[in-house]
Amino acid sequence: MSTEQQAQNQTSLNPDVQTIDLDNPILMGALEITSLEIRKPNVTALQGVKIADLLQGDVNAICTVLPRICSPTLTKSQISQLEPSDLAQAGGVIMLFLQPKSVRAEVLRQQ
């Protein structure tokens with residue numbers, strides 16, 4: 001099964017988890033991370049961050065929230081190694097999770 005099919009299956013099983021494929025893998029010891037699962041943030045994960053900053057794609061806000069909601073869990077130093085396109089993908093998923101359920105459903109249907 002291709003990664004794209006797995007991501008589609010994951011979306012249909014749990015709309016509160018999205019998987020992104022990284023353009024540039026991250027090394028975690030000997031493990032090469034090629035994709036991240038991003039969970040819908042709860043209030044605790046959003047503490048200390050302005051939602052408006054996340055919706056505007058603020059890099060600091062994304063870098064603060066991402067380690068709280070991704071699997072595998074990344075450190076701040078690993079997040080700083082992300083390609084800009086990978087960070088933008090993660091930010092887009094976070095922004096999607098902050099939308100009302102009806103908007104998320106429509107966006108996911110279009111993908």
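Note on the range 74-111: residues that are surrounded by 11 or more Cβ atoms within 10 Å (Cβ to Cβ), part of a helix (DSSP H, G or I), of a type outside the set (S, T, N, Q) and at pLDDT 90 or above total 12. A residue that is touching a helix residue (DSSP H, G or I) at 6+ places or on another chain (Cβ under 7 Å), at pLDDT 95 or above and not in a helix (DSSP H, G or I) cannot be found anywhere in the range 60-67. With the requirement that a residue be crowded, with 16+ Cβ neighbours inside 10 Å, of a type in the set (A, V, I, L, M, F, W, C), touching a residue at least 40 places away in the same chain (Cβ under 8 Å) and within 17 Å of GLN99 (Cα to Cα), what does the range 18-73 give you? ILE38, LEU54, listed by residue number. For the range 25-80, a tally of residues being among the small types (Gly, Ala, Ser), under 24 Å from LEU13 (Cα atoms) and touching a Cys at 6+ places or on another chain (Cβ under 8 Å) returns 0.
The values are calculated or read from the model by the stated rules, or taken from the named source; none is laboratory data. Please read all numbers here as calculations on a predicted model, not as lab measurements. Here Cβ is always computed from backbone atoms with ideal geometry, including for glycine, and neighbour counts include all displayed protein chains.
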